[in-house]
Structure formats: C-alpha cells, structure tokens
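Inspection log for the structure reproduced underneath, given as structure tokens.
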Amino acid sequence: VVKERYKSGDADISELSRVMLQVDQAENRLITLENARSAEIYELKKLYGTKSLDALKIPPVPLVDKEDFLRRNLELLRYEKQIESDRARYKTVRASYLPRVSVNGNYGYSRFRGDFQNYDGDEYGYGIQLSMPLDFNMKKDIESNKLAYMSSKVAREDRKKELEEEYAKHLAAITAGKKMIAVSERMIKRYDALYRFTHAQYRAGTKTDYDVASLKNSLQIKHLEQQIQQQNILLEKLALFFAMKRSDSD
C-alpha cells in the first residue's frame, strides 16, 4: 500500500522503508522461530522412538511445576549420583583407618600323661586382638575425600539455585507471551472489524483500495505476531521438558 502511495507521490521514502521493514522483521522472526521449533520437535519425536517422524503427532506440552522440574532435572540427578559416590568413598576411606578388634578361638581334645599330672578331656582357647592402622597420610586422605564429598553437595545446591532462577525466567517468558497473545487477539478483532467496515465503505465508493489494503496488511502483521508468541511459548515449555528425566506418563 505504502509502496503504491510512494509511486504516486503520496508517501516519502522513509515511510515506505519503515513499513517494509516492519513486515520484513515480523516475517523473519516467524521463520526463525519456526526453524527453532522444528528442531525441538525433531528431538522430541526422536525421544519418543518413532521410526516415522512425520506420522507422529506432537502431544500438547504441559507447563511443569517448579517442584517437579527440580525433582526430575537431569543435572541435579547427576549431582545426586556424584554425591552418593563421594559419600560412599569417604565412608570407606574413613573406616579403613579405624581400630579393628578381632576375636579368635579354638576347641579340641587333649590327653596328657606326666609324672605329676595327667589330663584327659576337652581343650579350649580364645583371644582378642586390637589393631590400629598407622599411616602418615591418614588425616590427609580422610580430609581430601571428605572435601570432595562436601564440594559435591555445595555444587548441587549452587546449581539448584541457578535452575530455580532459570525456571523463573522461562515462566516469566511464558506469562508474558500469553499476555501478548491476548493483546494481539484483541487487536486482531479490532482490525478485522475495521477492515470489514472499510471494505464495505470501499464498495460504496467512500474509501480507496489503499485503505483496504493497508488495514489488511496491519491485520496480517498482528496474526504473525500472535504466531510468534505461540512459538515462543512452545519453545520455553520444550526447554523445560528436555531438561527433565522422562517419567512413565511422558
């Protein structure tokens, strides 16, 4: 529309450039997000183990709650495994330097003849032994394993805090996207009503085809913006989904 007005001398080059740039940016943003969404969907389909990716329909991606996200987060689960391993190693090393008490015993039959004493009967024997490992590296060995165990726990807590912040960012982006979709929906209804009115006025001869085309162009941009926000919301949900361990219900 502006292009035609520019050709007829009713609009300058700056107005033409501005409008063309707006349309171009909206379309490019949609293409970029669709490509990113396609990549995420491809990974999701592979996750479901289907041979025919085109035949599989992507199920609705729910928004997971914070507690479930942290409980099933793959990074935190790996930290848990590391903590268990470090704790077991620390306990094993510490136990290896503790004092050991051993008890032994024996039983048998004995027959003895002597000048002054004779014995014919059962014979018992028992003993208790206490041993203490001596190693100059004992303290260093125990402390280093304890430090590794404690470091794993601290690292997990630090990462958990970071993931809580990341979840909050994803949630804020999803909330903002839903609000923008609601705004776009209201604007689409207004533009659509105005477009229908203008189109009727054009048929009656009181409006020009430029007016009709201009409103149609604005309506198209609003539809593109709405689709962009829908793609954004899906990508935010998929980012959370792929960071979690699958459950039997997934």
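A short reminder: the numbers here are calculations on the coordinates, not readings from a lab. None of these values were measured; they are calculated from a predicted model. Here the Cβ is made from the backbone with ideal geometry for all residues, glycine too, and neighbour counts use every protein chain on show.
Structure notes:
- Cross-link check: pairs LYS161/LYS237; LYS81/LYS169; LYS153/LYS245; LYS66/LYS153 evaluated at a Cα-Cα cut-off of 30 Å; no pair lies beyond the cut-off.
- Taking a ≥ b ≥ c as the square roots of the eigenvalues of the alpha-carbon gyration tensor, the stretch 156-225 is classed prolate because a/c is 1.5 or more and a/b outweighs b/c.
- Other residues within the sphere of radius under 13 Å centred on the Cβ of TYR90, judged by their own Cβ, net out at +2 (K and R +1, D and E -1).
- Sorting the segments 150-161, 231-242 by their residues' average number of neighbouring beta-carbon atoms within 10 angstrom, most packed first, yields 231-242, 150-161.
- Which of LEU171, GLN229, ALA155, positive extreme of dipole for the stretch 134-232 (C-beta unit charges): GLN229
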